[in-house]
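The values are calculated or read from the model by the stated rules, or taken from the named source; none is laboratory data. Please read these numbers as outputs of a predicted model, since none were measured by experiment. Here Cβ is always computed from backbone atoms with ideal geometry, including for glycine, and neighbour counts include all displayed protein chains.
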Ligand code: SAM
């Protein structure tokens, strides 16, 4: 018998009902959850498909030709996404990150960006609109994305050595093309480019220093992400996590670093500057130093479920409201009602949970909920 793990595709289809409360909840930008955390950051997954098969995220053994992606009719349209996003913005969201899957695989994404960039915060300011991408299509699309109103971009790149990187993306994609995408983003004027590197002990830890040397002094902020236990298909093991403290030590030994203050509340990365003033790096320690306390992020899945935590097993079905008869006021109240009840702090609790007490195998995949 095969021991193939079937990821709970159908976990995606089971959703919690998003209830419209009897009393409307005013959208005044002051919403707080049970721990007093405001709603500031919305991550929107625009597709569950990706052209890479990074084994820590979408391993080939699971995401193969038989994998059932969401059918197109299930996906939120750009108009539906914008309508939902407008309610989040009214409740205080200031930043929107488009993600996936690989967001640049969604056709005409620039139309969505144009629509989102017309939204204004409660104070009348434009949103900070950004995108996380594997960079493979960036060379082709950077100029159009910028023209549509994209402010910034984060590119994922797990190493500079072509053999290491091709093995990690598992589709033989070359480093040079991602670097070309980063250059195109810079030429297009997409400001403050970030590069995310997931560090897996024993797989690409030897890429930490080459990556730091390469991006130092270029204006690109390199961020090292601890390999996380998201989803249920990547076979995560704690011994493959290289703690961020060790990443900082290794870089500091060759390129001295000084710790910097966070630039915004709820920021996921701890900032370190090069002592010679030639830029900074970030470390995202979601495993060894959880930062749930400040988490101000909500996630909207490809088919319109609202997830309150990357490690959640179920989302609240906003699409049912959008495709039903709900007014904007009812939709905004439903969002507020869900956020006000939020008490998730999975990463902080992880250490104290017995191994079988977490949602473990029932967690949704990062490629579906968005990174
Ligand atoms: N396809 C886009 C990309 O590659 O950036 C966006 C989606 S991807 C899920 C977003 C980010 O999540 C990437 O930087 C990826 O490396 C990171 N990621 C995926 N699985 C992860 C894991 N298990 N631990 C840490 N980071 C992970």
Among the residues of the stretch 173-180, is any part of a strand (DSSP E or B) and at pLDDT 95 or above?
-> no
Counting only residues in the stretch 124-135 that are assigned to a loop (DSSP other than H, G, I, E, B) and in contact with a strand residue (DSSP E or B) (Cβ under 9 Å, 6 or more places away or on another chain), the one nearest to the ligand (Cβ to nearest atom) is identified as 134
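What number of residues within the stretch 41-62 are away from the ligand (no atom under 12 Å from the Cβ), part of a loop (DSSP other than H, G, I, E, B) and surrounded by 18 or more Cβ atoms within 10 Å (Cβ to Cβ)?
From the stretch 41-62, those away from the ligand (no atom under 12 Å from the Cβ) are 41-42, 60-62; that's our starting set.
Adding the requirement that they be part of a loop (DSSP other than H, G, I, E, B) leaves 60-62.
This time we only want the ones that are surrounded by 18 or more Cβ atoms within 10 Å (Cβ to Cβ), so: 62.
Selection size over the stretch 41-62: 1.
Regarding residue 82, is this residue within 16 Å of the ligand (Cβ to nearest atom), in contact (Cβ under 8 Å) with a residue 24 or more places away in the chain and within 19 Å of the chain's Cα centre (by Cα)? Break it down into steps so the answer makes sense when it comes.
Values: within 16 Å of the ligand (Cβ to nearest atom): no; in contact (Cβ under 8 Å) with a residue 24 or more places away in the chain: yes; within 19 Å of the chain's Cα centre (by Cα): yes.
The answer is no for residue 82.
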Expected single match for touching a residue at least 60 places away in the same chain (Cβ under 8 Å), out of contact with any strand residue (DSSP E or B) (no Cβ under 6 Å at 6 or more places or on another chain) and not in a loop (DSSP other than H, G, I, E, B) among 253, 212 is 212
Which of the residues that make up the stretch 63-76 are in a loop (DSSP other than H, G, I, E, B) and away from the ligand (no atom under 15 Å from the Cβ)?
-> 64, 65, 66, 67, 68, 70, 71, 75, 76
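Among the residues of the stretch 109-123, what is the count of those that are assigned to a loop (DSSP other than H, G, I, E, B) and either at pLDDT 95 or above or buried (at least 20 other Cβ atoms within 10 Å of the Cβ) (or both)? Please lay out each step first, then the result.
Of all residues in the stretch 109-123, those assigned to a loop (DSSP other than H, G, I, E, B) come to 117-119, 121-123.
From what's left, either at pLDDT 95 or above or buried (at least 20 other Cβ atoms within 10 Å of the Cβ) (or both): 117-119.
The number of residues fulfilling the criteria is 3.
Applying the selection to the stretch 340-352, what residues are over 20 Å from residue 18 (Cα atoms) and modelled with pLDDT of 65 or more? Let's see the steps before the verdict.
Looking only at the stretch 340-352, we keep the residues that are over 20 Å from residue 18 (Cα atoms), and these are 345-352.
Scanning the stretch 340-352 gives 345, 346, 347, 348, 349, 350, 352.
Here's the yes/no breakdown for (1) buried (at least 19 other Cβ atoms within 10 Å of the Cβ); (2) more than 16 Å from the ligand (Cβ to nearest atom); (3) under 22 Å from the mean Cα position of the chain (by Cα):
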{"site": "191", "(1), (2), (3)": "no, yes, yes"}
{"site": "199", "(1), (2), (3)": "yes, no, yes"}
{"site": "202", "(1), (2), (3)": "no, no, no"}
{"site": "211", "(1), (2), (3)": "yes, no, yes"}
{"site": "214", "(1), (2), (3)": "no, yes, no"}
